[in-house]
Every structure is written in C-alpha cells, then in structure tokens.
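Please read the structure below before turning to the comments.
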Amino acid sequence: MKDVTKSLSIFADPVQPSFAQKRILCVDDNVPELLLRGKILELQGYTVELLSCPMQVLRYDLSTVDLAVLDFDMPGMNGGDLLLRMRALHARFPILLLSGSVYAVSPDSRVLFSKCLDKGDPVRHLLDCIAGFLDPNEIPDFGS
C-alpha cells in the first residue's frame with residue numbers, strides 16, 4: 001500500500017482552503033477501487049466516507065455530506081435508485097455517477113445525476129468535477 005500511496009502523491013495538489021474539510025460520500029461495491037478513490041480524495045484534503053453497500057447509505061447522516069460519488073451497478077440497489085432514495089431523505093448536495101459502464105446507463109437514469117463520469121476517464125477529470133461542484137464561486141452544470 002505504501003507504493004500506491006507514494007504514486008498517488010501526484011494527485012495531491014494543494015486544496016484550496018474553501019475545499020478543506022468538505023465531506024465526500026463514496027459508494028461502490030468494488031472495495032479495492034473504493035479504497036483507492038478514498039485515498040486519492042483524502043490526499044486532496046477532503047474528508048471521505050466510504051460505503052460498499054448502498055443500503056448503508058440509507059442509515060447514514062446525509063446532512064454531513066457535501067457531495068456524493070456513486071457507482072451504478074451495485075447489488076441490492078443500483079445507483080439511480082439509491083440517488084432517488086437519498087433525495088427522498090433530503091440529500092441536497094451534488095451526486096455524481098462514476099461507473100465503468102456509464103453509457104450503458106439509460107438516459108432517464110443519467111439525467112438524475114449532477115454529472116456522469118466513466119471510471120476509465122483520468123482521475124484528474126473526477127477531481128476537477130468535484131472541485132467545480134464544491135467551488136462556491138462556480139455555477140454547476142447539473143445533469144450533464
């Protein structure tokens with residue numbers, strides 16, 4: 001893990017003070033990818049909560065979250081259904097879809113998310129999207 005952490009340091013650009021301590025919720029049933037994503041986000045200065053089961057989200061205090069990153073294809077509940085349940089629980093923060101098959105997700109489901117990203121995209125793309133949504137000076141382009 002030490003080698004992975006060292007190689008991840010390339011992503012550790014200084015976080016703007018307004019982003020420090022922003023809490024990001026990541027939900028993905030692929031635990032190795034989830035742990036790696038969490039480490040990258042922590043290196044960016046974010047506080048990260050990692051959940052590998054969508055049902056765990058329904059018991060989580062969503063009022064502490066600033067942004068969520070969800071996988072789509074998960075056992076028990078897909079990312080679209082999870083997003084709807086989170087909104088029903090009054091989640092009022094950006095929710096990003098990060099999927100290995102984002103283009104296989106129906107347009108009706110994709111439009112629910114603040115942004116849809118492919119896991120094959122460069123990590124920098126995810127980091128830039130997150131920073132854009134958390135920047136109080138930016139007007140986010142929801143639903144694209």
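The values are calculated or read from the model by the stated rules, or taken from the named source; none is laboratory data. The shown structure was predicted, so the numbers you read here are calculated from the model rather than taken from an experiment. Please note: Cβ atoms are built from the backbone with ideal geometry, for glycine as well, and neighbour counts cover all protein chains shown.
The number of residues in the stretch 23-78 that are touching a helix residue (DSSP H, G or I) at 6+ places or on another chain (Cβ under 6 Å) and among the aromatic types (Phe, Trp, Tyr) comes to 1.
Could you name every one of the helices (runs of 4 or more DSSP H) located completely within the stretch 7-120 that has at least 1 residues being over 24 Å from residue 136 (Cβ atoms), at pLDDT 95 or above and among the basic types (Lys, Arg)? Filter on the stretch 7-120 gives 31-43, 79-88. Once the stretch 121-144 is narrowed to residues that are small (Gly, Ala, Ser) and modelled with pLDDT of 70 or more, the residue that is surrounded by the fewest Cβ atoms within 10 Å (Cβ to Cβ) is 132. The residues listed here are 58, 126; of these, the one that is among the aliphatic types (A, V, I, L, M), on the phi < 0 side of the Ramachandran plot and under 11 Å from the mean Cα position of the chain (by Cα) is 126.
Let's see how each residue does on (1) out of contact with any Leu (no Cβ under 8 Å at 6 or more places or on another chain); (2) within 26 Å of residue 45 (Cα to Cα); (3) of a type in the set (Phe, Trp, Tyr); (4) in contact (Cβ under 8 Å) with a residue 60 or more places away in the chain:
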site: 69; (1), (2), (3), (4): no, yes, no, yes
site: 73; (1), (2), (3), (4): yes, no, no, no
site: 83; (1), (2), (3), (4): no, yes, no, no
site: 93; (1), (2), (3), (4): no, yes, yes, no
site: 98; (1), (2), (3), (4): no, yes, no, yes
site: 103; (1), (2), (3), (4): yes, no, yes, no
site: 107; (1), (2), (3), (4): yes, no, no, no
site: 112; (1), (2), (3), (4): no, no, no, no
site: 128; (1), (2), (3), (4): yes, yes, no, no
